[in-house]
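Student: I have a structure here, written as structure tokens, and I will follow up with some questions on it.
Rule-based calculations on the coordinates, nothing more; no lab input. This structure is a prediction, so every number in the text was calculated from the model and none was measured. Cβ placement follows ideal geometry from the backbone for every residue including glycine, while neighbour counts extend to all protein chains displayed.
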């Protein structure tokens, strides 16, 4: 399964995109950790495999490296070009109906990957988390 994933990523991805290589490297390293655990269980007939502490340490190490690369070595970030909104139109009588979502163009705004967005807030709550972004990304990678 992991081999099929790697082949499809290599065949159909943009090779110049660093984010793809960060994700692929993280996936391969965590897959290698899973293989090591399965190898311990099957080949060495150890029903426990790799200890939970060892797995967690390696997962955290891989996640911290990937998070650092994502936060500081990835391309500049995203560019917000507009807001999605719903347009209200007057219906028959005094009724108001909602139409489909539309993109309202705005001035382009650069947003670094280290910015913190929260639901229901229009702009980033924190513009740059700095080192805390690495810790947040690592927690998300290990938790997923």
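Student: Can you tell me the FRET efficiency between residue 15 and residue 110 if r is taken as the Cβ-Cβ distance and R0 is 22 Å, rounded to the nearest 0.05?
Tutor: For residue 15 and residue 110, the calculated efficiency is 0.35.
Student: Compute the length gained on full extension between residue 45 and residue 7: take 0.36 nm times their separation in residues and subtract their Cα-Cα distance, giving the result in nm to one decimal. Could the numbers behind the result be given before it?
Tutor: Numbers: separation 38, 0.36 × 38 = 13.68 nm, distance 3.13 nm.
Residue separation times 0.36 nm, minus the Cα-Cα distance, leaves 10.6 nm.
Student: For residue 53 and residue 117, what is the calculated FRET efficiency with R₀ set at 41 Å and r taken between the beta-carbons, to the nearest 0.05? It would help to have the intermediate numbers written out before the result.
Tutor: Details: r = 34 Å, r/R0 = 0.83.
E(calc), rounded to 0.05, equals 0.75.
Student: Next question. Expected output is a single nm value to one decimal: the length gained when fully extending between residue 68 and residue 28, i.e. 0.36 nm times separation in residues minus the C-alpha distance. What is it?
Tutor: Stretched out fully, the residue 68 to residue 28 stretch lengthens by 12.7 nm.
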